[in-house]
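Please read the structure below before turning to the comments.
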Amino acid sequence: MKLHIDTPLVESRALSLHSGRSVWLKLDALQPPGSFKIRGVGHACTEYARRGARRFVSSSGGNAGLAVAYAGRKLGLPVTVVVPQTTSNRAKELLQLENAEIIVHGASWQEANALAVSLVGATDAFLHPFDDPLLWQGHASLIDEVAQSGLKPDAVVLSVGGGGLLSGVAEGLHRNGWNNVPIIAVETHGAASFHAAVHAGHAVQLEAINSVATSLGAKKVCDQAVHWSKTRLIDSVLVSDRSAVAACERFLDDHRLLVEPACGASLALAYEGAVQLEPFKTVLIVVCGGATATVDQIRQWSRELA
Ligand SMILES: *Cc1c(COP(=O)(O)O)cnc(C)c1O
């Protein structure tokens, strides 16, 4: 069963003018649970259900948890999400709307995740937010859709948290014969775990995350993302929180879509005419979306960072 939708692929006049090249947007902000995550999560949940899973367990209070909750409701299976005390009311509210059971536990994600893992029984499936080959296979569908549309971009811009989206897009480019299309991998300065891994040559654990782009806040990327960084062209780029939030505000005006700073980080590259885009005539930006930031929250960050 396919739980994600084929999303629109549109050329952005505003972003093309800002960056001086043709900018195409893959609008995964329009996925029913609000982000690209349902591609991989939907694929993984469907597969785990086929193998006999009777319940899904997640430890994400963000878009991954929302995607699991959505997938469970669609597949008719219960979902338990363990989230830390720091999880916003907005995120809990969204999980409730998907009928997920929410357990609030622990001061940080580590503790919530430990409890979630301990709850996983023989007939349950645990859904990792970014480190599972089934997720990458599912995320790769995003590139299949682009290939089917007939557009071949000269580069793909995407945001990196734990590296699941990166691994899926790299797999999608690979399976469509597009290994020569570079990926521009964007993080904020305070959540630069992929950047650190590329420089170290292996995944490294950041001491802390310090960014409003909470969906990019994985302290350590998956090994698969590091593997791709060694076997294909990936340019690791960092932007400020301020640029990411400003891009969210401009994108809301230009395209009437509210996205998280995690997604604004990628859009910022085009809005600011970043040098990293200069070699390319046609650029595809993965508009990964994100449902957890309200317009009030974006405006508050914007004031605080100004
Ligand atoms: C999860 C997420 C990311 C990062 O994806 P990873 O697979 O963790 O690298 C980026 N943007 C949004 C909106 C997300 O939800």
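Of the residues A197, A155, A147, A192, which single one is within 24 Å of A44 (Cα to Cα), modelled with pLDDT of 95 or more and more than 14 Å from the chain's Cα centre (by Cα)?
Details: A197 fails: within 24 Å of A44 (Cα to Cα); A155 fails: within 24 Å of A44 (Cα to Cα); A192 fails: within 24 Å of A44 (Cα to Cα).
One residue alone meets the criteria, A147.
Looking at region 198-214, which of its residues are buried (at least 24 other Cβ atoms within 10 Å of the Cβ) and either closer than 30 Å to K281 by Cβ or touching a His at 6+ places or on another chain (Cβ under 9 Å) (or both)?
Taking region 198-214 and keeping what is buried (at least 24 other Cβ atoms within 10 Å of the Cβ), we get 212-213.
The answer is A213, and nothing else.
Here is a check on your reading of the model: is A29 closer than 30 Å to G273 by Cβ, within 16 Å of the ligand (Cβ to nearest atom) and among the aliphatic types (A, V, I, L, M)? Please lay out each step first, then the result.
Details: closer than 30 Å to G273 by Cβ: yes; within 16 Å of the ligand (Cβ to nearest atom): yes; among the aliphatic types (A, V, I, L, M): yes.
Judged against the criteria, A29 is a match.
Give A67, A44, A71, A49 a once-over and let me know the one that is assigned to a helix (DSSP H, G or I), outside the structural domain of A147 (by TED's automatic domain parsing) and surrounded by fewer than 24 Cβ atoms within 10 Å (Cβ to Cβ). Working first, answer last.
Values: A67 fails: surrounded by fewer than 24 Cβ atoms within 10 Å (Cβ to Cβ); A44 fails: surrounded by fewer than 24 Cβ atoms within 10 Å (Cβ to Cβ); A71 fails: surrounded by fewer than 24 Cβ atoms within 10 Å (Cβ to Cβ).
After ruling out the rest, the residue left standing is A49.
Would it be correct to say that A274 is in contact with a strand residue (DSSP E or B) (Cβ under 9 Å, 6 or more places away or on another chain) and buried (at least 24 other Cβ atoms within 10 Å of the Cβ)? Talk me through it step by step, then tell me what you get.
On the way: in contact with a strand residue (DSSP E or B) (Cβ under 9 Å, 6 or more places away or on another chain): yes; buried (at least 24 other Cβ atoms within 10 Å of the Cβ): no.
Spelling it out, it is not the case that A274 is in contact with a strand residue (DSSP E or B) (Cβ under 9 Å, 6 or more places away or on another chain) and buried (at least 24 other Cβ atoms within 10 Å of the Cβ).
If you go through region 176-188 one residue at a time, do you hit one that is more than 12 Å from the ligand (Cβ to nearest atom), surrounded by 19 or more Cβ atoms within 10 Å (Cβ to Cβ) and over 18 Å from W24 (Cβ atoms)?
No: zero hits.
Which of the residues that make up region 85-134 are surrounded by 13 or more Cβ atoms within 10 Å (Cβ to Cβ) and hydroxyl-bearing (S, T, Y)?
Passing the criteria: T86, T87, S88.
Can you tell me which residue among V259, V283 is buried (at least 23 other Cβ atoms within 10 Å of the Cβ), away from the ligand (no atom under 16 Å from the Cβ) and on the phi < 0 side of the Ramachandran plot? Break it down into steps so the answer makes sense when it comes.
Numbers: V259 fails: away from the ligand (no atom under 16 Å from the Cβ).
Selected residue: V283, the only one of V259, V283 that is buried (at least 23 other Cβ atoms within 10 Å of the Cβ), away from the ligand (no atom under 16 Å from the Cβ) and on the phi < 0 side of the Ramachandran plot.
The values are calculated or read from the model by the stated rules, or taken from the named source; none is laboratory data. As the structure is a computational prediction, the values presented were derived from the model and not from experiment. A quick note on method: Cβ atoms are made from the backbone with ideal geometry, for glycine too, and the neighbour counts reach across all protein chains shown.
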